[in-house]
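Let me begin by presenting the structure, written as structure tokens, before commenting on it.
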Amino acid sequence: MPKSKVVILGGGFGGLFTALELGGSADVTLVSDQDHFVFTPMLYEYLSGEVEAWHIAPQYSELLDDKVKFVQGKVAAVDFDAQSVARENHADKLSYDVLVLAVGGITNYAGVEGAEEFSVPFRKIEHADDLRKRMVDALDHIPPEMPPQDVRRELTFAVVGAGASGCELSTKMADLLYDAFERRNLHGEPRVLVIEMGDRVVPGMGDQIRDFVDDALHKSRVEVHTLTRVVKVTADGLTYEHNGTQEHLKTSAAVWTGGVRMNPLVEALNVEKTNRGLLVVKPTLQLTSHDNVFTLGDIAYFAGAAPVLAGTAQLSFQQASLAANNIKALLSGKELRSKHFEELGEAISLGTERAAVLTGGKAFGGALARQARFALYTSRLPTWHHRLRVGASWFFEGTTPRPLLPLGFER
Ligand SMILES: Cc1cc2nc3c(=O)[nH]c(=O)nc-3n(C[C@H](O)[C@H](O)[C@H](O)COP(=O)(O)OP(=O)(O)OC[C@H]3O[C@@H](n4cnc5c(N)ncnc54)[C@H](O)[C@@H]3O)c2cc1C
């Protein structure tokens with residue numbers, strides 16, 4: 001008997017971990033548009049050089065053995081009736097018996113004029129590379145004799161959105177820029193702003209963590225602008241509105257961490273969705289209309305999860321296990337199960353020297369939390385082999401940030 005064909009779309013937290021758990025029990029194919037996974041919670045550390053690409057963005061060829069076939073390609077359409085998947089620039093289609101949809105979200109520019117064209121998104125390795133290059137480039141253009149007020153204007157970076165991502169990123173950027181200032185003997189200081197339309201930073205997190213975030217933003221000298229809305233982004237900066245007054249700010253880069261929206265592939269699917277466009281799934285993670293289609297991660301509305309988990313890696317990662325077990329049950333005619341997912345804790349990186357961790361209802365911060373976060377994330381990386389290699393590298397070679405050196409010296 002040939003094995004049933006399971007095709008998994010998207011090689012992120014939901015798709016990759018489902019594939020790893022399912023490999024061997026079916027004919028499993030993982031399809032993703034990139035050739036590597038990204039452990040997004042540490043993309044900030046990649047920007048600062050505390051970790052390297054191979055640590056947090058390993059190639060699928062390194063992670064998958066011959067139990068899972070990897071196909072690189074951008075999925076253009078899914079045909080539920082024909083049970084097939086079409087990829088961009090490929091005439092042949094991939095057929096499936098069971099499909100897993102795990103293509104995640106994309107950056108939400110919320111219709112702000114110029115945001116998609118001119119701001120830097122921060123979801124992928126190449127986005128972090130682009131941002132680091134812009135920081136180096138801006139520093140390289142400051143002559144040592146430039147007066148402080150001009151330096152501050154020329155070295156202004158804005159991060160849009162003060163959710164966890166915006167706060168993690170802005171503190172990391174500020175620490176890197178201040179460090180570069182000292183190393184290059186520049187006058188004055190750089191300026192890093194985080195702009196948030198709500199009335200507080202990290203609105204989705206509890207007060208215990210917020211206290212550490214507020215403190216870190218202050219220590220890293222990040223300017224916090226709440227109740228401020230970005231209305232336009234241009235090639236040289238952005239316009240924001242506060243208390244009914246608009247102001248244009250010249251920036252070296254405006255980074256957009258303002259939210260996540262639905263993947264266009266999902267938008268095109270004619271199945272039951274919430275009013276936000278999320279795919280409604282049964283407690284077993286099956287689509288309500290198709291028992292052979294499982295959906296998880298950022299694109300799924302799953303009632304059995306604590307609301308704070310929506311749109312998190314920790315939910316996708318936990319759902320992957322449920323999806324893999326239920327697919328095995330479906331293929332062997334057994335009963336499918338459900339699970340309630342609770343928050344495993346929170347960990348947030350705050351600059352290059354600190355972090356904050358919330359576990360068991362208790363929050364702690366500082367350098368110890370930074371160490372704890374590295375240890376925690378080592379255990380969450382895919383595959384034992386990769387965890388061991390990375391854990392050894394972090395332990396023996398260290399996780400010191402890589403300074404922003406002049407372009408010719410950057411690697
Ligand atoms: C910078 C950053 C930091 C984050 N930090 C945290 C954190 O600390 N803790 C936490 O819990 N969550 C964090 N998140 C959120 C977390 O990354 C997501 O919730 C999680 O990745 C969602 O998993 P997923 O499997 O649904 O999608 P993803 O992990 O986004 O995976 C989707 C995959 O599908 C691929 N794909 C997309 N479209 C197509 C297509 N058409 N064809 C083929 N492949 C496609 C993508 O390239 C990607 O590999 C962070 C996100 C970002 C961007």
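Checked against the criterion of being free of Cβ contacts under 8 Å to residues at least 60 places away in the same chain, within 30 Å of residue 404 (Cα to Cα), of a type outside the set (S, T, N, Q) and within 10 Å of the ligand (Cβ to nearest atom), segment 8-27 contains not a single residue that satisfies it. The listed residues are 32, 61, 119, 48, and the only one of them that is within 20 Å of residue 324 (Cα to Cα), polar (S, T, N, Q) and in contact (Cβ under 8 Å) with a residue 24 or more places away in the chain turns out to be 32. For segment 324-356, the set of residues classified as among the aliphatic types (A, V, I, L, M) and farther than 19 Å from residue 310 by Cα consists of 324, 327, 329, 330, 331, 336, 350, 355, 356, listed by residue number.
Can you spot a residue in segment 249-268 that is free of Cβ contacts under 8 Å to residues at least 60 places away in the same chain and under 17 Å from residue 100 (Cα atoms)? Looking through segment 249-268, at least one residue is free of Cβ contacts under 8 Å to residues at least 60 places away in the same chain and under 17 Å from residue 100 (Cα atoms). Residue 60 meets all of the listed conditions (1) aromatic (Phe, Trp, Tyr); (2) within 15 Å of the ligand (Cβ to nearest atom); (3) out of contact with any strand residue (DSSP E or B) (no Cβ under 6 Å at 6 or more places or on another chain) but one, namely (3).
Of the strands (runs of 3 or more DSSP E) that lie entirely inside segment 166-279, those containing 3 or more residues that are crowded, with 16+ Cβ neighbours inside 10 Å and within 16 Å of the ligand (Cβ to nearest atom) span 253-256. What tally of residues in segment 317-335 results from selecting those that are over 21 Å from the mean Cα position of the chain (by Cα) and more than 20 Å from residue 24 (Cβ to Cβ)? Qualifying residue count, segment 317-335: 1.
Within segment 303-321, not a single residue is crowded, with 21+ Cβ neighbours inside 10 Å, more than 27 Å from residue 359 (Cβ to Cβ) and either among the polar types (S, T, N, Q) or in contact (Cβ under 8 Å) with a residue 60 or more places away in the chain (or both). Candidates in segment 63-76 are the residues that are more than 21 Å from the chain's Cα centre (by Cα), more than 11 Å from the ligand (Cβ to nearest atom) and of a type outside the set (Lys, Arg); of these, the one that is surrounded by the fewest Cβ atoms within 10 Å (Cβ to Cβ) is 66.
Answer yes or no: is there a residue in segment 8-23 that is more than 23 Å from the chain's Cα centre (by Cα), over 26 Å from residue 312 (Cα atoms) and open to solvent by less than 10 Å² (accessible area, probe 1.4 Å). For segment 8-23, residues more than 23 Å from the chain's Cα centre (by Cα), over 26 Å from residue 312 (Cα atoms) and open to solvent by less than 10 Å² (accessible area, probe 1.4 Å): absent. Within segment 28-49, is there a residue that is more than 15 Å from the ligand (Cβ to nearest atom), on the phi > 0 side of the Ramachandran plot and over 22 Å from the mean Cα position of the chain (by Cα)? No, there is no match, as no residue in segment 28-49 is more than 15 Å from the ligand (Cβ to nearest atom), on the phi > 0 side of the Ramachandran plot and over 22 Å from the mean Cα position of the chain (by Cα). The residues of segment 84-103 that are open to solvent by 20 Å² or more (accessible area, probe 1.4 Å) and near the ligand (Cβ under 9 Å from one of its atoms), listed by number, are 87, 88, 103.
Looking at 358, 296, 330, just one residue is at pLDDT 95 or above, more than 10 Å from the ligand (Cβ to nearest atom) and surrounded by 15 or more Cβ atoms within 10 Å (Cβ to Cβ), and that residue is 330. In this structure, does residue 138 turn out to be farther than 19 Å from residue 351 by Cα, crowded, with 20+ Cβ neighbours inside 10 Å and out of contact with any Cys (no Cβ under 8 Å at 6 or more places or on another chain)? So residue 138 passes the test. In segment 340-355, how many residues are in contact (Cβ under 8 Å) with a residue 60 or more places away in the chain and crowded, with 20+ Cβ neighbours inside 10 Å? Selection size over segment 340-355: 8.
The values are calculated or read from the model by the stated rules, or taken from the named source; none is laboratory data. Being a predicted model, the structure only gives us computed values, none of them experimental. Here Cβ is always computed from backbone atoms with ideal geometry, including for glycine, and neighbour counts include all displayed protein chains. All accessible areas refer to the heavy atoms of the entire protein, side chains included, with ligands and DNA or RNA removed. Shrake-Rupley method; radii C 1.70, N 1.55, O 1.52, S 1.80 Å.
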